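The values are calculated or read from the model by the stated rules, or taken from the named source; none is laboratory data. The structure presented is a predicted model; accordingly, all values stated were derived computationally and were not measured. Reconstructed Cβ throughout: ideal geometry from the backbone, glycine too, with neighbour counts over all protein chains shown.
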Amino acid sequence: MTHKPFCSRRNFLLSSAAAGTLAAAPAGGLRAESEVPPRNQNTVTKIKKVFLAKPVPTWPRPDIDLGAEMKMINARLDELKPGWSRPVEMVGGELLRVAGDVTRFWQTLGDADAVLAFNLTSGCGAMLDPIIDFGYPTLLFSQPYAGHDWSGIGDKQRQGKRVEVISSSSLEDLEPYLRVLDSMRRIRQTRILCLQSNTHKSNFVLGLEKQFGPEIHLLDYSELNALYQKSDTAQAAKLADDFIAAAVGMVEPTREEVIRSMRLYLAIRELLSRYSAEVITVDCLGGFNRGELPAYPCLAWSMLNDMGKVGVCEADLETTLTQTLLTYLTGLPGFVSDPVIDTRTNTVIHAHCVSATRMDGPGQSAAPYIIRSHMEDNKGVSMQVKMRVGQEITLAKISRGKMLISTGTILDNPDNPRGCRTKVTTRVADADRLLHNYTGGLHRVLVYGQHVRDVKRMGRLMGFEVADEMG
């Protein structure tokens, strides 16, 4: 499934005017495929609400009071709003009766992030179909006996349309979709910094921007190193001492090495502020080995991820996007891992030298950690974090525009000299099937909790396929 951009307002009006009515417009005439959706600056997700009903109702009843139906829905939405987990602004609420009304509706969309449609009667396709074709993420909320338009949404999704249907008797079931829409708005307003030697924006990078929406800035190490040289050593020493005091223990690194890592953290934080960014990834292995980085950023990533920002290793933009999407969706940090599959025990060990400590989210309790060196060269500072045994997890990775996903349960935090410093053993449904279905290279993003259904909702609304790695 590929990303479907918004139709331009000009092209829509020209196509509908030429056709006379939307019902007569030629197929495909409502979308300009080369155009990218506007990068709205809404501070909260703005959803354009619309009601649909055919001119002469039959189903669910010929004497239906449309005004009363709309009033009831609006009142219930107002009741539910204070309890929503995300700040969402619902605007509009007009009633469309015929295809020609959609032109007027289009003119009022403005900077909406999504459309929420309620079909009040059967036979609303003449209004709903062109609204879906606008390319805005569209939710159809279909209450029981409201109408039959829900039955065509699956076909629309298979055609690549960015539409989702909620068939429910309770408006409370909007909540997870609002979280998805809010996450989608945020990713389109996100600026990702990627530090590496090559700062040419390749077609691969341009493709990620077009499909998922963020701005990706490629930088070399010079600006970060200049900030490192200016960093406050006394402040870094205070942070280092607090960090050491909170640890279960410290094995390989010295205090001086921890201070260097904290100076790099301060420099990274300043770089993010300078670019108004909250997501960063760095070619850390290459940069450190070439002498272009003064320290490994493992500790900085842990601290940023604990705060709700996103720091990811190895300039891996697909994994960075994956963690950003999951963090926005769940409010939780991700643990980027190199999986190790053991079919004998039906387990997968996830190992890396970078891990958040607050895996339950910012402000929650920190997991125990030991201060260690980076495993592959026994240099710098990394962390061995002990995650919660018995915790259900979701694992994901964007690869070639597709989201790979699976689940598991944490069984153990193995402590042995092989592999990266933080390791968690997870029980999976079928390790052998995972082994033979595995694609997309190393790195998977581990997040506490079961989030497969929400990721699939996001995939349908953003336009990417979600593939179960367990087959």
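Tabulated data for the structure shown
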item: Any chance residue 332 is assigned by TED's automatic domain parsing to the domain that holds residue 432, part of a loop (DSSP other than H, G, I, E, B) and touching a helix residue (DSSP H, G or I) at 6+ places or on another chain (Cβ under 9 Å); result: yes
item: Single unsatisfied condition, residue 167 versus (1) surrounded by fewer than 19 Cβ atoms within 10 Å (Cβ to Cβ); (2) under 30 Å from residue 124 (Cβ atoms); (3) within 18 Å of the chain's Cα centre (by Cα); result: (3)
item: Hits in the range 105-135 (condition: part of a loop (DSSP other than H, G, I, E, B) and modelled with pLDDT of 95 or more); result: 112, 113, 120, 121, 122, 123, 124
item: Long-range neighbours under 8 Å by Cβ, at least six apart or interchain, first residue at negative phi within the range 334-346, second among the charged types (D, E, K, R) and outside any loop (DSSP other than H, G, I, E, B); result: 336/444; 337/444; 339/444; 343/432
item: Leading residue by the ranking (surrounded by the most Cβ atoms within 10 Å (Cβ to Cβ)) among those in the range 205-218 that are free of Cβ contacts under 8 Å to residues at least 40 places away in the same chain and of a type in the set (A, V, I, L, M, F, W, C); result: 218
item: Top-ranked residue of the range 295-324 - restricted to ones that are more than 10 Å from residue 281 (Cβ to Cβ) and either in contact with a helix residue (DSSP H, G or I) (Cβ under 6 Å, 6 or more places away or on another chain) or free of Cβ contacts under 8 Å to residues at least 40 places away in the same chain (or both), ranked as surrounded by the fewest Cβ atoms within 10 Å (Cβ to Cβ); result: 309
item: Matching residues, the range 369-391, being modelled with pLDDT under 95 and surrounded by fewer than 16 Cβ atoms within 10 Å (Cβ to Cβ); result: 376, 377, 378
item: Count of the range 111-121 residues which are of a type in the set (Gly, Ala, Ser) and either closer than 14 Å to residue 167 by Cβ or without any contact (Cβ under 8 Å) to a residue 24 or more places away in the chain (or both); result: 1
item: Complete set of residues in the range 441-451 that are farther than 19 Å from residue 361 by Cβ, modelled with pLDDT of 95 or more and not in a strand (DSSP E or B); result: 443
item: Residue check, residue 91 out of contact with any Pro (no Cβ under 9 Å at 6 or more places or on another chain), in the same structural domain as residue 80 (by TED's automatic domain parsing) and either within 18 Å of residue 73 (Cα to Cα) or assigned to a loop (DSSP other than H, G, I, E, B) (or both); result: yes
item: Conditions (1) in a loop (DSSP other than H, G, I, E, B); (2) more than 20 Å from residue 54 (Cβ to Cβ); number of the one not met by residue 154; result: (1)
item: Criterion: surrounded by 14 or more Cβ atoms within 10 Å (Cβ to Cβ), more than 30 Å from residue 461 (Cα to Cα) and of a type in the set (Val, Ile, Thr) - qualifying residue of 394, 407, 422; result: 422
item: Leading residue by the ranking (farthest from residue 353 (Cα to Cα)) among those in the range 409-437 that are in a strand (DSSP E or B) and among the β-branched types (Val, Ile, Thr); result: 409
item: Flag for residue 366 being at pLDDT 95 or above, in the same structural domain as residue 331 (by TED's automatic domain parsing), over 30 Å from residue 211 (Cα atoms) and of a type outside the set (Ser, Thr, Tyr); result: yes
